[in-house]
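Data first, discussion second: the structure below is written as structure tokens.
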């Protein structure tokens, strides 16, 4: 259909919607995809065309796009008590229930939960918690935040400063005091002759050197994703967290696990931090917490961290921070049901059942002549495209190879995500092995056609 037709959905989008994280050149040529509804793992556009969403929306629609039980929970709560805040010691009963459930599910024996509307806000909140705690503890100089290159932690001014991606230079970020340690991507950054364990040990030494250089008494905390998601699905190198955790403890630096993508089953474990032995002091969660049906973020505080923050807040008479919709009863009801679905309706079990087939097909695609690395865990994976498998040299940027693959796949009814020179997949937890095969059959055909189109 001609997307320039006056008053078409696509034209209305072009005239009124400003899209973030979108290749605007492609958008201007091909137009947007305007969606109307979903069914299982598929979404449908205004023309009735069906697409398999192999990225679960943005990692979050893990129960599919029309789970009736979650919809009913949302509607029931809306009829009962549709909205309230969590300020001034008041809170909805569903939010208390959710807090109990999150602490129960967490790796912490005890703890407390603080609510936001997104993962970005949750990470931003933890920064303020750290700064306040250190200030009240007589260490106001402890303000520096350590993250890793290629990490993604959000889009607020502070969390964009934490995000180790080059595009944040567009905003003049990072702000001073935000430090980026090494990316734990062994395939890309390992030295010739270096084992994966040696690579992890080297990164740990580099981290300690960074801490010493900056001054250990100036570091407020370190944030890390168990698997770098928006960095292109980068699992940590072997022994990485076991190597860095003693260093952080040595210098009394809290470790915050950004589980916005990994949390609630994406890696095959309830928490990525458990799978990779992170032993964090705080967990940040979002996305899957409501299966994508309501915006919510949560900061889950381990007991020691919670006690320290409570003490600091009592001295200040309050924790002077919050969001109007943080702990919203609608979101809390949806989250309670979503977590029940993940646990009791076999979604987490299905991740582990289907992921071997998913990873098998992923690595088969990784055998392609121009595939440098196929990497993944659970139901998250990426294939990185290169010009040369041995040297790992990327293809020329002007080819926009991953964008071409994603756009061609879209024409064939498959939604996948281009990230740099990689194609990223993170399908819903309800996916079947038959669905996995359909996704990779389309993707294999797409890759072949794209490379033929560019003459490679």
Residue 409 more than 20 Å from residue 150 (Cα to Cα), free of Cβ contacts under 8 Å to residues at least 24 places away in the same chain and surrounded by 16 or more Cβ atoms within 10 Å (Cβ to Cβ): no
Would you call residue 372 modelled with pLDDT of 95 or more, within 30 Å of residue 67 (Cβ to Cβ) and in a strand (DSSP E or B)? no
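In this structure, does residue 191 turn out to be part of a loop (DSSP other than H, G, I, E, B), without any contact (Cβ under 8 Å) to a residue 60 or more places away in the chain and more than 22 Å from the chain's Cα centre (by Cα)?
So residue 191 fits the description; yes.
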Residues located in the stretch 370-394, provided they are exposed (fewer than 15 other Cβ atoms within 10 Å of the Cβ) and in contact (Cβ under 8 Å) with a residue 24 or more places away in the chain: 392
Give the residues of the stretch 96-117 that are out of contact with any helix residue (DSSP H, G or I) (no Cβ under 9 Å at 6 or more places or on another chain) and buried (at least 17 other Cβ atoms within 10 Å of the Cβ), sorted by residue number. 103, 106
Output the residues belonging to the stretch 43-71 that are touching a residue at least 12 places away in the same chain (Cβ under 8 Å), under 23 Å from residue 94 (Cα atoms) and more than 21 Å from the chain's Cα centre (by Cα). 66, 67, 69, 70, 71
Only one of (1) more than 22 Å from residue 48 (Cα to Cα); (2) surrounded by fewer than 21 Cβ atoms within 10 Å (Cβ to Cβ) is not met by residue 436, so which one is it? (2)
Index of the failed condition, residue 168 passing every other in (1) in contact with a helix residue (DSSP H, G or I) (Cβ under 6 Å, 6 or more places away or on another chain); (2) more than 22 Å from residue 308 (Cα to Cα); (3) surrounded by 21 or more Cβ atoms within 10 Å (Cβ to Cβ): (3)
Please find, among 15, 10, the residue that is over 23 Å from residue 440 (Cα atoms), outside the structural domain of residue 424 (by TED's automatic domain parsing) and crowded, with 17+ Cβ neighbours inside 10 Å. 10
Would the stretch 338-352 turn up any residue that is surrounded by 21 or more Cβ atoms within 10 Å (Cβ to Cβ), outside any loop (DSSP other than H, G, I, E, B) and in contact with a strand residue (DSSP E or B) (Cβ under 9 Å, 6 or more places away or on another chain)? no
Would the stretch 140-156 turn up any residue that is crowded, with 22+ Cβ neighbours inside 10 Å, assigned to a helix (DSSP H, G or I) and touching a strand residue (DSSP E or B) at 6+ places or on another chain (Cβ under 9 Å)? no
Just give me the residues in the stretch 28-42 being surrounded by 16 or more Cβ atoms within 10 Å (Cβ to Cβ) and either over 29 Å from the mean Cα position of the chain (by Cα) or modelled with pLDDT under 95 (or both), in sequence order. 31
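The values are calculated or read from the model by the stated rules, or taken from the named source; none is laboratory data. Since this is a predicted model, take the numbers as computed values, not measurements. Please note: Cβ atoms are built from the backbone with ideal geometry, for glycine as well, and neighbour counts cover all protein chains shown.
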